[in-house]
Amino acid sequence: MIIRTSLLKLAVALSLTALLIACGESEPPVPELSFEESFQTQLINAQPGDVIEVPAGVHEFTRSLSLNVPGVTLRGAGMDVSILSFKNQVQGAEGLLVTADDFTIEDLAIEDTVGDALKINESTNVIIRRVRTEWTGGALTENGAYGIYPVQCTNVLIEGSVAIGASDAGIYVGQSSQIIVRNSRAEYNVAGIEIENSTYADVYNNIATNNTGGILVFDLPNLEVQGGRATRIFNNQIFENNTPNFAPAGNIVGNVPPGTGLLVLANDDIEVFENRFADNNSVNLMIYSFVLGGRTIDDPNYDAYPEKIYIHDNEFSGGGTVPGHKALAAWHAVTGMDTPNIVWDGLIRAGGSGDKIVCLANNGEESFMNLRGGEDPTAVTYDTAAHQCTLPRLPKVSFEIAGDD
């Protein structure tokens, strides 16, 4: 009886299914892809010349995104309305990784990634316009290292962008050439804007504030690309960069003292002009060698000494009240004085003359200190006479930029 009843029920069910099909009823619809799935599919299937739109809204992602097709544009509706959120990320080292030439990204935000927010690697012709990267929980060691992060790239434009909360650098361009960073804001990062091991960079019309260090121009050893030089830093507002250093242990930027405005490390041919420096509590502007403080070098190809640093027509006010670098702190303990606006460590390569390593001109009521190696706080000098000189002006960085006026 039980078997007969079950068979009867099955027959009725099959009859009803046949009747529904005959009446035109369709099979259950296939579930739609999530935005995360559809967006990554668009990136995978992109063709050169494609424009991939990011609509307004907060779009949640749990895994890294990647793009390796040249000539693609990612375009949102605005950095405060089109948001790629990775707050629940469980897989991947970046938010978005791009390894493609002729790439443009504009008018969107990338938030709360586990690692770097936007990394662009080995690409030529990169345009980053009105992009915001942010860790919304504040300045935390657990935040990702880099916000906007082109590395080993050529022809890089970053403009109108915002970087907040990176535990290394908010806007970082490394081992690259032909770089423009302009009209952007970096805030509450360890390093606000950093140009590292790169050549021919213009950094201008930016705001760097509330970082540990406002702007860094570094050249470091043991990297594939070395010989950082020819960077112009001009028309920037560099003020109140006094956030405690929250870099993870072992990071080179973990050595940057809170209160650093502009730091030039082992770079050559640097021109700093028409900037406003204010209230950076350790030092407004410091230039030093990689070997200051006894640091050793194990890279025979590395040039550890900055040379031809031209600082002119800047405005300085406040700052220097809490000297943080080891050599500055030792000097402050002896003198009780505030750090002068411009500090040079005074170290010169073996056989060098020291002539025109640092030139100063038209910086208003500038104050200056030569640490003379930083070993003896009583041996420093303040005289600017040897530094009243000029250097050839560096050329404007110029390359063809799509959509530029």
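List of remarks:
- In segment 280-291, the condition of being in contact with a Ser or Thr (Cβ under 6 Å, 6 or more places away or on another chain), within 20 Å of Leu360 (Cα to Cα) and aromatic (Phe, Trp, Tyr) is met by no residue.
Matching residues to (1) within 17 Å of the chain's Cα centre (by Cα); (2) farther than 15 Å from Leu43 by Cβ:
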site	(1), (2)
Phe61	no, no
Gly76	no, no
Val90	no, yes
Thr99	no, no
Ile105	yes, no
Asp112	yes, yes
Ile127	yes, yes
Val131	yes, yes
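- Here is the figure for segment 374-394: residues that are over 29 Å from Ala278 (Cβ atoms) and either surrounded by 10 or more Cβ atoms within 10 Å (Cβ to Cβ) or small (Gly, Ala, Ser) (or both) total 3.
- Complete set of residues in segment 150-162 that are touching a residue at least 40 places away in the same chain (Cβ under 8 Å) and in contact with a Lys or Arg (Cβ under 9 Å, 6 or more places away or on another chain): Leu157, Ser161, Val162
- For segment 239-252, taking the residues that are surrounded by fewer than 21 Cβ atoms within 10 Å (Cβ to Cβ) and of a type in the set (Gly, Ala, Ser), the one that is modelled with the highest pLDDT is identified as Ala249.
- From the options Val72, Val98, Val51, Val58, residue that is among the β-branched types (Val, Ile, Thr) and within 30 Å of Asn245 (Cβ to Cβ): Val98
- In segment 268-289, the qualifying residues are those that are aromatic (Phe, Trp, Tyr) and either touching a helix residue (DSSP H, G or I) at 6+ places or on another chain (Cβ under 7 Å) or closer than 16 Å to Lys308 by Cα (or both), and the one that is modelled with the lowest pLDDT is Tyr288.
- Test: residue in segment 332-349 that is at pLDDT 95 or above, exposed (fewer than 11 other Cβ atoms within 10 Å of the Cβ) and farther than 23 Å from Asn275 by Cα: yes
- Every residue from segment 19-66 that is part of a helix (DSSP H, G or I), at pLDDT below 90 and surrounded by fewer than 13 Cβ atoms within 10 Å (Cβ to Cβ): Leu19, Leu20, Ile21, Ala22, Glu37
- Residue match in segment 225-238 (condition: modelled with pLDDT under 95, polar (S, T, N, Q) and more than 27 Å from Asp313 (Cα to Cα)): yes
- Test: residue in segment 314-322 that is modelled with pLDDT of 95 or more and more than 23 Å from Leu360 (Cβ to Cβ): yes
- Check on Phe86, among the aromatic types (Phe, Trp, Tyr), under 18 Å from Arg132 (Cα atoms) and surrounded by 14 or more Cβ atoms within 10 Å (Cβ to Cβ): yes
- Just so you know, in segment 128-151 the residues that are among the polar types (S, T, N, Q) and either buried (at least 23 other Cβ atoms within 10 Å of the Cβ) or touching a strand residue (DSSP E or B) at 6+ places or on another chain (Cβ under 7 Å) (or both) include one that is nearest to Gly71 (Cα to Cα), and it is Thr133.
- Inclusion of Gly214 among residues that are crowded, with 19+ Cβ neighbours inside 10 Å, within 15 Å of the chain's Cα centre (by Cα) and at pLDDT 95 or above is warranted.
The values are calculated or read from the model by the stated rules, or taken from the named source; none is laboratory data. Everything numeric here is computed off the predicted structure, so don't read it as measured data. In this analysis, Cβ positions are derived from the backbone assuming ideal geometry, glycine residues included, and neighbour counts consider all displayed protein chains.
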